[in-house]
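Structure first, commentary second.
The values are calculated or read from the model by the stated rules, or taken from the named source; none is laboratory data. The structure presented is a predicted model; accordingly, all values stated were derived computationally and were not measured. All Cβ positions, glycine included, derive from the backbone under ideal geometry; neighbour counts span all protein chains shown. Note: areas computed on protein heavy atoms with side chains; ligands, DNA, RNA excluded. Shrake-Rupley method; radii C 1.70, N 1.55, O 1.52, S 1.80 Å.
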Amino acid sequence: AQLLLSDYETRSPAELDIALGEIYRTGEKLNTIIEELMLLSGVRKQEVVPEPLDMGSVVRDGIERLQLLIQDQQAQITLLDEAMWPAALGHAPWIEEVWANYISNAIKYGGRPPVIQVGATVQPDGKGRFWVRDNGPGLSAEAQMNLFTPFTRLDQVHSKGHGLGLSIVRRIVEKLGGQVGVESKPGQGSAFFFTLPLITTSDTTNAHPSDGSPGLG
């Protein structure tokens, strides 16, 4: 921006386009970092009572936020057996952030075009496992170990992110009584998942739905 102010008249249209594009991308990145830091702070401080989730609606709200990215990358997203998904307890605004993060990563680092499957199962321990599977290059065991720690980059897949997203996902899910993880093999894509407690009979007595694990072969 300083260069443009100082010698705008001497720059060619192509140079101006490059400079303005860089200003825009940097501004977007800074804005995202600020928003995620605010979310991370809110998750740390805010106490919520988990409520029954309408998980299908939460997923679709997260996908709706990503429409421009989906269209730009021509991503194909399929919700598998949604009617059979287990009924989980959580906090809809936070879980929407989890879905949006997982799905956006699947789009950015998946195959070309990205082919993404979203689904859910019940684990042997009685918790629900919700997952996003991509058709990307997969991750090494070493890369998987560092994914959910603060400020870790997905260097192996040339991430241009800042590393906050997955650490926020972990904090959200663990605060709601669940866990996060990834299943991946080089050349076979990745499946990012999170778990949540499921609704019991006692949970449904006075509760209403709030609005708002896969094998790799």
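A simple spin-label model places the labels of Leu69 and Glu174 2.3 nm from each other, with each point 7 Å out along Cα-to-Cβ. Does anything in the range 119-150 have its amide N under 14 Å from the 7 Å Cα→Cβ label point of Gln188, and if so which residues? Hits in the range 119-150 for Gln188 at 14 Å: 134-141. Label-to-label distance for Asp81 and Ala1 is 5.2 nm, based on points extended 7 Å past Cα in the beta-carbon direction.
When the accessible area of the range 93-132 is split by element with a 1.4 Å probe, what percent falls to carbon and sulfur?
Carbon-and-sulfur percentage of accessible area, whole number: 53.
Met55: net charge of surrounding residues, Cβ under 11 Å, Lys/Arg +1, Asp/Glu -1, itself excluded? Here the count lands on -3. Among rounded, prolate and oblate, which fits the range 39-107 when a ≥ b ≥ c are the square roots of the eigenvalues of its C-alpha gyration tensor, a/c under 1.5 means rounded, and a/b larger than b/c means prolate? Taking the square roots of the gyration eigenvalues as a ≥ b ≥ c, the range 39-107 is oblate.
With a ≥ b ≥ c taken as the square roots of the eigenvalues of the C-alpha gyration tensor of the range 1-122, please select rounded if a/c is under 1.5 and otherwise prolate if a/b is larger than b/c or oblate if it is not? The shape class here is oblate. Straightening the chain between Arg60 and Leu30 buys 8.2 nm, computed as 0.36 nm per residue apart minus the Cα-Cα spacing.
The residues neighbouring Ile116, those whose beta-carbon lies less than 9 Å from its own, together hold a net charge of 0 under the Lys/Arg +1, Asp/Glu -1 convention.
Between Arg112 and Ile18, full extension at 0.36 nm per residue minus the direct alpha carbon distance yields a gain of 31.3 nm. Residue-wise HN-Hα couplings along the range 93-110, as the Karplus relation 6.51 cos²θ - 1.76 cosθ + 1.60 with θ = phi - 60° gives them from phi, are x, 6, 5, 4, 4, 4, 4, 4, 5, 4, 6, 5, 5, 5, 6, 5, 10, x Hz; Gly and Pro carry x.
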